[in-house]
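J.: Here's a structure for you.
The values are calculated or read from the model by the stated rules, or taken from the named source; none is laboratory data. If you're wondering where the values come from, they're calculated on a predicted model, not measured in any experiment. So basically every Cβ, Gly included, is an ideal-geometry build from the backbone, and we count neighbours across all protein chains shown. Remember, those area values only see protein heavy atoms, side chains included, never the ligands or the DNA or RNA. Shrake-Rupley method; radii C 1.70, N 1.55, O 1.52, S 1.80 Å.
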Amino acid sequence: MKLKHLLLIAALPMAMTISAQEQAEGTSPLKKYVIGFYNLENLFDTIDSPDTDDSQFLPDGGYQWTGFKYKNKIKNMSYAISKFPKELAVLGVSEIENEEVIKDLVSQPILADRNLKTICIEGPDRRGVDVGMIYDADVFTPTNIVSHHLRYELAKPFISRDQLCVTGLLDGEQIHVIVLHWPSKYGGEKVSTPKRNDAALTTKWICDSIFAIEPEAKIVVMGDLNDDPNTECIQKYLGAKHDRNQMQPGEIYNPCYNIYKSGTGTLGYQDVWCLYDQVMVSTPWLDKSDLSTLTYWKSEIFNRDFLKEQSGKRKGYPKRTHTAGTWTNGYSDHFPSLIWVVKK
């Protein structure tokens, strides 16, 4: 069954609930908001940073990263974001060198009609890549920003990206957004899996800390997790579940699991689709009995044709910036992952 049909089926119960309420109460259409995540694939500037290993992304580096290429990268990524639903409220991002590059991104003329602001706290990653956030200041107001180092329980201490937690008001309602880029599979599964398990335990610790203060907290966990939804780091160590009917207070629901099982992913590798880019929600988002508060509606992978390779052996895969070391003037090697939330 095609993904769009699966998403349609998943959305039907909510759609029918919305329709019945609107007809019975004569209310105006529900407000809709999109919350998403996008790995921007090495969004580096051309300036040498003495504190990080950014040598590949310099004019005389391996990628011969010039101002011309950087401007094209910014232009392409801003175009991609402009094609996101107009309801985009919050977008977590990864593989950014610093906040200046995403400021350059949101300042592009094609995004001028959106009041987009940025957040980034630079972390300890050796290459200098960080996670950050782009948000529509007309609908989302940050109230607290914390960047968490990884907590080491299963692996030896190592250097990786911090985990960004932004608390804010979306349409006047408090939510917490955790933006992640878990350790890669560099070195193989045996070496890297314990690192991702520690990253998952760190994320769970952040969630549990929020739940301890706010038991009914609406948390969004998003990021490039470098693993699929069915792996132990996500299911066992983060504790994310994929059956919304079995959700308990203080737990995280992962709607990307069923999307992944349908054969859809956010990046392709050796003729296999992986779904590393995931957006999950805590249990309180799932209560459809009271649509006067923000409620989870549906998920999607934003895999529009313009983001894809149109020919060759990589046809249908994300059209990336570099392929086999050659500049291809694309977008990213990942597709974005989005969720929709609604409110009366």
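J.: If the label point is 7 Å along Cα→Cβ of K190, which residues in the range 118-156 have backbone nitrogen under 17 Å from it?
T.: 155-156
J.: When only C-alpha pairs under 8 Å and at least 6 residues apart count, what is the relative contact order of the chain, in percent? Intermediate values should be presented prior to the final figure.
T.: Details: 736 pairs, mean separation 62.1, N = 344.
This gives 18 percent for the chain.
J.: Need one number: % antiparallel among DSSP beta bridges in the range 144-267, to the nearest 5.
T.: 65
J.: Want the number for Q174 to Q56: 0.36 nm per residue separation, take away the alpha-carbon distance, what's left? Mind showing how you got there, number by number?
T.: Numbers: separation 118, 0.36 × 118 = 42.48 nm, distance 4.06 nm.
Working it through step by step, the gained length comes to 38.4 nm.
J.: Please report the spacing between the Cα centers of the range 29-93 and the range 270-332 in Å, no decimals.
T.: Centre-to-centre (Cα) distance: 15 Å.
J.: Under the definition of Cα pairs under 8 Å and six or more residues apart, what whole-number percent is the relative contact order of the range 208-344?
T.: Working: 252 pairs, mean separation 31.2, N = 137.
Across the range 208-344, relative contact order equals 23 percent.
J.: Continuing with this model, one more query. Roughly speaking, what is the stretch gain from T293 to Q310, that is 0.36 nm per residue apart minus the C-alpha to C-alpha distance, in nm to one decimal?
T.: Details: separation 17, 0.36 × 17 = 6.12 nm, distance 4.17 nm.
So the chain would gain 1.9 nm between T293 and Q310.
J.: So which residue, out of I175, I47, I121, gets the largest mean-square fluctuation from a GNM of the chain using Cα contacts under 10 Å as springs?
T.: I47
J.: Oh, and also: Using a probe of 1.4 angstrom, how much of the accessible area of the range 196-337 is carbon and sulfur, in percent? Can you show the working numbers first?
T.: Values: 2690 of 5740 Å².
Looking at the range 196-337 in its full context, I get 47 percent from C and S.
J.: Mind checking which of G265, S184, P336 is farthest towards the positive end of the chain's charge dipole, using Cβ charges of +1 (Lys, Arg) and -1 (Asp, Glu) about the Cα centre?
T.: In the chain, that residue is G265.
J.: Per-residue accessible area for H242 at 1.4 Å probe radius, Å² rounded to 10?
T.: Approximately 70 Å² for this residue.
J.: If you take all C-alpha pairs in the range 160-274, what percent of them are over 25 Å apart? Can you show the working numbers first?
T.: Values: 1568 of 6555 pairs.
Everything past 25 Å amounts to 24 percent.
J.: Then there's this: With springs only between Cα atoms under 10 Å apart, run a GNM on the chain and tell me which of T143, T295, T283 wobbles the most.
T.: T143
J.: Remind me, relative contact order of the range 154-232 in percent, using alpha carbon pairs under 8 angstrom and six or more residues apart?
T.: On the way: 93 pairs, mean separation 27.7, N = 79.
Rounded, it is 35 percent for the range 154-232.
J.: I want the local charge near V106. Using Cβ-Cβ distances under 12 Å, sum +1 for each Lys or Arg and -1 for each Asp or Glu among the other residues.
T.: Numbers: positive: K103, R114, K117; negative: E99, E100, D104, D113, D136.
Here the count lands on -2.
J.: Can you give me the accessible area per residue for the chain, using a 1.4 Å probe, in Å²?
T.: 45
J.: If packing is taken as the average count of other Cβ atoms within 10 Å, what order do 230-236, 136-142 fall into, highest mean first? Spell out each step's value before the answer.
T.: Details: 230-236: 18.1, 136-142: 15.6.
Most protected by this proxy first, the peptides run 230-236, 136-142.
J.: Mind sorting out which of (1) 26, 60, 14, 0; (2) 24, 28, 12, 16, 15, 5, 0; (3) 31, 61, 9, 0 is the real P(r) over Cα pairs in 20 Å bins from 0, in percent computed from the coordinates?
T.: The value matching this structure is (3).
J.: Between the range 148-193 and the range 117-145, what's the alpha-carbon centroid distance in Å?
T.: Distance between centres, Cα-based: 13 Å.
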